[in-house]
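Just below is one structure, and these are the notes that go with it.
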Amino acid sequence: MVEKLLMQYGMDMTLGAKRVRGLLQPVTGKLERLSVPEAGVLGSEMRMRFLYIGPLEPAPEEGQELTASGKRYHIRSAQQIWGNDGPAYSWAMCVEKGREDNWGMSF
């Protein structure tokens, strides 16, 4: 079921050196606390985190690079999500490369 969802709604991306079809979305809503507000030229801006959902293989790993829509992301945390019958899909939290990385900051 997850594979069908990824094929229909996912996008092509590269995980490490392998092509994969997955979802990559900014973290918003109740998880806003994972974004760090910072003063920018035009006022406060958010340093956003991105959530990756993809197939079990290739499995994302902490420190690995993910490329989607011409942007590069650094995987900071990754794990398999389990369903009733075993592993169902891969999950990872990412930050965009080239931006200030404030992953470990508390606020």
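The values are calculated or read from the model by the stated rules, or taken from the named source; none is laboratory data. Because the structure is predicted, anything quoted here is derived from the model rather than measured. Please note that ligands, DNA and RNA were not included when accessible areas were found on the heavy atoms of the full protein model with its side chains. Shrake-Rupley method; radii C 1.70, N 1.55, O 1.52, S 1.80 Å.
Ranked from the most accessible area to the least, with a 1.4 Å probe and all protein chains present, what is the order of Val2, Val95?
Sorted descending by solvent-accessible area, the residues read Val2, Val95.
Under the rule of at least 5 residues apart or a separate chain, name every residue whose amide H is placed under 5 Å from the amide H of Gly10.
Correct list: empty.
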